[in-house]
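Heads up, the thing below is written out as structure tokens.
The values are calculated or read from the model by the stated rules, or taken from the named source; none is laboratory data. Given the structure is predicted, the values throughout are model-derived calculations rather than measurements. Heads up, the Cβs are rebuilt from the backbone with ideal geometry, glycines too, and the neighbour counts pull from every protein chain shown.
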Amino acid sequence: MKRILVWDWPVRIGHWLLVGAFVLAWLTSEGEEWRLVHAFAGGTVVGVVLFRLLWGMFGTQHARFSSFVRGPTAVWAYLSALLSRSAAHHAGHNAAGGWAILALLSLGLLTGACGWLIYEDIGGEWLEELHEGLAAGMLTLVAVHVAGVVVGSLAHRENLVQAMFTGFKLGRPDEAIAGAKPLIAVLMLVWVAACAWWLAR
């Protein structure tokens, strides 16, 4: 194997935008003076998630859900192999990581939707509690995801965090994507900004 381009610009920028927006939303969740910033951060999360869902169907090879979403048997097999230190290397996401990504996207969308309803004064205290519960669940899942990244990096002797910055991972030459799609990344940023503005207006 050699270093190949695996993650395109939309995936990488979207990933770190999601990280930053979630952290900002969490830090500004208390206090009325941060309401607008919190709503903007939540709108950013929703914008990134909506784009990622679309990119998961029409994006580059390793961005597509069809390349990494597998059934429970495959997830269990990967986790079992990981424990026995015999897990196969994946150029893209492994089966367990695929489930984590789907869960994070789902929680991000649900949390953002609840937050928007609250921002529009729709619903009541129960919706606020649901919003907080979903956000707490997302934070827990983020912690699990980070732990998985650490374990995966050690198991495969590859810096997965660095790969999400550079786009390069170990893999076979035929697994490399053709290009990083910078123009799509620009369009994504415009879309995310529009979503954040609309939801926080």
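Quick notes on this one:
- Leading residue by the ranking (surrounded by the most Cβ atoms within 10 Å (Cβ to Cβ)) among those in region 141-179 that are in contact (Cβ under 8 Å) with a residue 12 or more places away in the chain and part of a loop (DSSP other than H, G, I, E, B): ILE177
- Some residue of region 76-97 being exposed (fewer than 15 other Cβ atoms within 10 Å of the Cβ), more than 19 Å from VAL150 (Cα to Cα) and free of Cβ contacts under 8 Å to residues at least 40 places away in the same chain: no
- Any hit, region 58-73, residues being part of a helix (DSSP H, G or I) and buried (at least 20 other Cβ atoms within 10 Å of the Cβ): yes
- Within region 57-75, the set of residues being of a type in the set (Val, Ile, Thr) and closer than 17 Å to HIS145 by Cβ comprises VAL69, VAL75.
- Against the conditions (1) within 16 Å of the chain's Cα centre (by Cα); (2) of a type outside the set (Ser, Thr, Tyr); (3) at pLDDT below 95, MET188 satisfies every one except (3).
- Residue tally, condition without any contact (Cβ under 8 Å) to a residue 60 or more places away in the chain and in a helix (DSSP H, G or I), over region 22-34: 6
- Check on GLU132, within 20 Å of the chain's Cα centre (by Cα), among the charged types (D, E, K, R) and outside any helix (DSSP H, G or I): no
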